[in-house]
Structures are given as structure tokens and as C-alpha cells.
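Asker: Before I ask anything, here is the structure I am working with.
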Amino acid sequence: MAEAAGRLTARAAIALVADAFTEHAPPPAAAGRPDEHDGPLAWEGYGEARARAAERTGESESVVFGEAEVGGVRCALLAFEFGFLGGSLGRRTGDRLCAAYRLARERGVPLVSLVATGGSRMQEGMVALTQLQRVARESVLLREAGVPHVAVLRDPATGGGWATVGAGADVVLALPGAQVGFAGARVRPADADPAAYTAEGQLAAGHVDAVVPPGGLRAVLGRWLTALTRPAPAAVPPPVLPGGGEGLPGSGWEAVTRARDPRRPRAEAYLDACFEERLPLTGDRCGGTDPGMLCGVGLRDGYGVVYAAQCGTATRPAGYRTAARAVRLADRLGLPVLTLVDTPGAANDAEAERAGAGPAIAEMFAAVAGARVPVTTLVVGEGGSGGALALAAPGNTWATRDSYFSVIAPELAAAILKRPPQDAPRTAGQLRLRPQDLVELGVVRGIV
């Protein structure tokens with residue numbers, strides 16, 4: 001059933017997601033470019049193959065595009081027809097793809113791509129392959145214009161179409177069981193793990209944001225388009241949970257023990273208090289995910305806010321890269337950002353070092369420092385050194401009563417100072433890491 005759901009025609013895929021659709025005519029061929037019967041390579045029989053594909057599918061090319069409405073949001077929409085020569089990208093396909101990107105950019109509306117392709121069209125040789133460069137250029141222009149792009153991966157989504165239109169989108173959704181990968185089924189190594197080439201495998205590897213059943217796709221896509229095109233009009237106030245809670249900690253060590261208490265509220269409780277709905281951004285697009293970092297776009301009073309939240313574990317490089325990706329997306333689309341700090345520190349095992357802990361943290365610092373949109377930070381638990389500070393907004397960081405923020409964990413500070421382990425509580429006091437200390441030092445604005 002999953003595969004059947006993915007093997008939709010272009011028209012069926014459009015009907016699955018769009019409330020309304022108006023097709024645009026294909027752009028005329030460039031001046032001086034003959035419309036050869038057998039293509040630019042004069043490939044024998046290519047013209048007849050195109051004619052048979054057109055008769056079988058009712059389409060004149062492998063892409064249909066136009067204007068649509070999804071979930072009440074106007075957008076530009078393109079859909080691949082896999083039945084037309086495997087949804088392959090030829091020169092005429094490139095014309096249509098570029099026209100769809102331009103339509104979104106010129107109208108200032110999001111682009112939705114329904115991808116089902118086997119890659120570049122070999123009967124057009126390098127002329128077909130260079131269409132990927134054209135699409136890449138249009139993708140850059142779309143990003144520079146601050147226009148969002150959401151791709152939906154159908155079955156299959158492979159080759160250059162996946163590596164440009166699909167993977168180049170801001171948000172990547174996929175249908176269950178869809179074949180997704182740069183290598184198509186006929187060109188993979190014989191011993192390749194087939195699970196790696198599925199929507200679910202790509203989700204686990206951090207290359208897809210969500211796998212969505214066909215029946216829920218229209219609603220999910222509509223919520224994404226709303227969230228990405230309706231930025232909240234101001235900075236997000238730090239979220240507050242109901243209930244008074246305890247008073248302020250009397251000592252530094254009490255602040256540490258309260259922050260480490262497994263019974264205190266965690267990031268998800270604060271996110272639930274802030275948003276009516278959360279739409280996840282999953283993975284760093286480099287093959288990694290970190291379950292201890294929640295990122296996405298939340299809907300707050302019908303407006304979009306990007307969030308990145310640590311969940312109390314040591315943050316891994318993939319977590320920082322995913323959070324940096326989220327902040328950069330927010331900056332391009334004008335969405336305010338909420339970050340929640342709660343980590344004993346960055347992961348420091350050998351695997352984390354090999355995965356680039358330092359560069360990933362630097363990337364996160366740079367994303368926050370370079371953001372032109374308002375960023376609000378709430379320290380909800382442990383604030384362990386630079387691994388926590390990387391998410392913190394300069395000048396707009398707040399703290400809860402159950403939190404601390406420190407240059408280093410008290411135990412580690414004691415060890416560096418060659419003090420016995422039992423001196424950690426005294427060291428905690430010297431570090432002045434309590435919420436009220438942080439306010440007095442000017443590190444945080446206030447206590448929530």
C-alpha cells in the first residue's frame with residue numbers, strides 16, 4: 001500500500017494536496033534552439049519514445065506546473081510525471097522547472113515540489129545533465145528572495161531530481177515507502193542496504209524532515225505553508241509554565257541539583273506551553289540526527305516561530321548543525337526564534353570529535369550571532385559551558401528558577417583546580433551560577 005501511494009501520476013499527486021490548481025503553459029523554447037525530433041543528440045527513436053510517453057500519460061513532458069492553493073495558502077506548484085520517460089529531466093523539463101521557480105519568486109509565494117523522478121534523461125546526454133545547474137541557480141535565487149520551498153518525495157525520488165529539487169528544498173516531506181536516494185535501483189552496488197534508499201531510511205539519516213501518510217499530506221503541507229509564510233510579528237516572550245514552583249536556590253550547589261532533578265519540567269513541556277502545533281525539522285543534512293535536540297517551526301496564535309530546544313542530554317554535533325539550519329531558515333524567512341537551553345555540555349566522546357563537535361558549535365554560534373530576526377532564549381535546566389551558550393541569544397536570554405548557567409560544571413572545575421570531589425559544592429558557589437547570580441552579572445535578563 002505504501003508503494004502504491006507513492007506511485008501517483010502527476011495529476012493525482014496534485015489532487016492529493018491542492019484545493020485548487022491552474023496549470024501554466026510551458027515556456028517557449030529559447031531562440032535559436034531547434035525542437036529536434038530526436039533531441040540534441042539525434043538519439044535514434046527518442047522522438048517516437050516521447051510520442052508514446054505522451055500518448056500513455058496525456059502529458060507533453062515529465063513536469064506539470066502552475067499556481068495552486070494548499071490549505072488556504074497560494075503557492076506555485078510543480079509535479080513530476082514518472083510515467084513520462086521515468087520522470088527524467090531533459091532540456092524541456094528544465095525549462096518548466098525554471099519557470100516554476102521563477103513563478104514562485106516573482107509572485108512571492110512558496111514553491112511546492114511533488115518529486116517523482118529517475119534522474120537525468122540519458123537520450124539528451126550532457127545537455128540533460130546541465131539542467132541541474134539551471135535548477136540550482138533558480139534555487140539560489142529563490143532563497144535570496146526569502147521564498148520558502150517545500151518538497152514532497154514520491155516514489156521514486158532519485159538521481160539529479162532528488163539532489164536538486166528534492167534535497168535543495170527548505171523542508172523535505174516524503175510518502176511512506178518511497179524510494180529516495182541519489183542512486184537509482186539499477187545503478188546501486190549489488191550489496192547495498194536497501195533500507196538506506198527509502199523515505200524512512202533517509203529520515204533516520206537526517207535528510208528528510210517527516211514521512212507523512214497520503215491521507216494526511218494535504219493538512220500537513222497546509223500547516224507548513226502557513227507556518228513558513230506567516231512570521232510572528234514580534235519576538236517570542238519566554239514561555240511560562242503554570243504553577244508557582246519553588247523559590248530561588250539558596251546556594252550554587254542547590255541550583256545544580258535542582259537543574260539535574262529528573263522531575264523538573266523539560267523542553268517539551270515549555271514547547272507545548274508556547275505552541276499550538278509543532279512541525280519538526282529533522283537532521284543536519286550531513287547524515288546525522290540528535291534526539292536530544294528538538295528543532296522545527298511552531299504555530300503560535302496562527303503565526304510561525306522557529307524553535308531549537310536542548311532536552312537535557314549532551315548535545316551532539318548533528319544537534320548543533322540541525323539547530324543552526326533552523327536558525328538560518330528563520331533568518332531567511334523572517335521568522336522569530338525561540339531557543340531552550342538544557343544540556344550538561346557538548347558531547348565530548350571520540351565519536352563527537354570525529355563528527356566535528358568544534359565546527360558544529362562554531363556554526364551554531366555564527367547562526368545566532370548573524371540572525372537578523374529576534375531570538376529569545378530560556379535556560380530551563382543545565383547550562384553547561386559553550387555547548388549551552390551556543391544557543392543563547394546575546395541580550396535576550398532568560399532563566400527559570402530550576403536552572404543554572406556556568407562556564408564549566410562544578411565537578412570539572414574542582415578537578416581542574418586539583419580539589420577533591422567533595423569540594424564541588426563549594427566550587428559551585430564560587431562560580432556564581434544561580435539564576436539570581438546570572439541576573440546580577442548581566443548574563444540573563446530575568447528569571448521566569
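The values are calculated or read from the model by the stated rules, or taken from the named source; none is laboratory data. All of these numbers come straight from a predicted model, not from anything done at the bench. Cβ atoms come from the backbone with ideal geometry, glycine included; neighbour counts cover every protein chain shown.
Asker: Checking Ala428 against (1) farther than 20 Å from Arg258 by Cα; (2) buried (at least 19 other Cβ atoms within 10 Å of the Cβ), which single condition isn't satisfied?
Answerer: Condition (1) is where Ala428 drops out.
Asker: Checking Pro239 against (1) touching a Leu at 6+ places or on another chain (Cβ under 7 Å); (2) modelled with pLDDT of 95 or more; (3) not assigned by TED's automatic domain parsing to the domain that holds Ile14, which single condition isn't satisfied?
Answerer: (2)
Asker: Follow-up question, since we're still on this one. If you take the residues in region 262-305 that are among the basic types (Lys, Arg) and more than 25 Å from Gly201 (Cα to Cα), which one is surrounded by the fewest Cβ atoms within 10 Å (Cβ to Cβ)?
Answerer: Residues of region 262-305 that are among the basic types (Lys, Arg), as a first pass: 263-264, 266, 278, 285, 300.
Subsequent filtering for residues that are more than 25 Å from Gly201 (Cα to Cα) retains 263-264, 266, 300.
Details: Arg263: 7, Arg264: 19, Arg266: 17, Arg300: 18.
Ranking the qualifying residues of region 262-305, first place goes to Arg263.
Asker: Restricting attention to region 382-435, which residues are in contact (Cβ under 8 Å) with a residue 12 or more places away in the chain, assigned to a loop (DSSP other than H, G, I, E, B) and at positive phi?
Answerer: Gly395, Arg432
Asker: Within region 436-448, can you find the residues that are β-branched (Val, Ile, Thr) and outside any helix (DSSP H, G or I)?
Answerer: Val443, Val444, Ile447, Val448
Asker: Report the residue count in region 162-172 for those that are aliphatic (A, V, I, L, M) and buried (at least 22 other Cβ atoms within 10 Å of the Cβ).
Answerer: Residues in region 162-172 being aliphatic (A, V, I, L, M) and buried (at least 22 other Cβ atoms within 10 Å of the Cβ): 4 in total.
Asker: Out of all the residues in region 377-388, is one or more in the same structural domain as Thr322 (by TED's automatic domain parsing), surrounded by 23 or more Cβ atoms within 10 Å (Cβ to Cβ), out of contact with any helix residue (DSSP H, G or I) (no Cβ under 9 Å at 6 or more places or on another chain) and modelled with pLDDT of 95 or more?
Answerer: Yes, some residue in region 377-388 is in the same structural domain as Thr322 (by TED's automatic domain parsing), surrounded by 23 or more Cβ atoms within 10 Å (Cβ to Cβ), out of contact with any helix residue (DSSP H, G or I) (no Cβ under 9 Å at 6 or more places or on another chain) and modelled with pLDDT of 95 or more.
Asker: With the requirement that a residue be crowded, with 24+ Cβ neighbours inside 10 Å and either in contact with a Pro (Cβ under 6 Å, 6 or more places away or on another chain) or small (Gly, Ala, Ser) (or both), what does region 306-322 give you?
Answerer: Ala308, Ala309, Ala318, Gly319
Asker: Sort out for me the helices (runs of 4 or more DSSP H) sitting completely within region 34-151 that have 1 or more residues that are within 30 Å of Arg230 (Cα to Cα) and in contact with a helix residue (DSSP H, G or I) (Cβ under 6 Å, 6 or more places away or on another chain).
Answerer: Answer list for region 34-151: 91-107, 131-144.
Asker: So which residues in region 180-231 are among the charged types (D, E, K, R) and more than 23 Å from Thr164 (Cβ to Cβ)?
Answerer: The answer is Asp191, Asp193, Arg218, Arg223, Arg230.
Asker: Within region 124-156, which residues are within 18 Å of Ile14 (Cα to Cα) and touching a Leu at 6+ places or on another chain (Cβ under 9 Å)?
Answerer: Within region 124-156, His149, Val150, Ala151, Val152, Leu153, Arg154, Asp155 meet the criteria.
Conditions tested, residue by residue: (1) polar (S, T, N, Q); (2) in the same structural domain as Thr427 (by TED's automatic domain parsing); (3) outside any loop (DSSP other than H, G, I, E, B).
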site	(1), (2), (3)
Ala192	no, no, no
Arg223	no, no, yes
Ala269	no, yes, yes
Asp272	no, yes, yes
Gly304	no, yes, yes
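Asker: Same structure again: Within region 409-425, does at least one residue satisfy the condition of being in the same structural domain as Ala267 (by TED's automatic domain parsing), among the acidic types (Asp, Glu) and either within 29 Å of Val240 (Cα to Cα) or at pLDDT 95 or above (or both)?
Answerer: Taking every residue of region 409-425 in turn, none turns out to be in the same structural domain as Ala267 (by TED's automatic domain parsing), among the acidic types (Asp, Glu) and either within 29 Å of Val240 (Cα to Cα) or at pLDDT 95 or above (or both).
Asker: Can you report the number of residues in region 174-203 which are under 16 Å from the mean Cα position of the chain (by Cα) and surrounded by 23 or more Cβ atoms within 10 Å (Cβ to Cβ)?
Answerer: Qualifying residue count for the region: 3.
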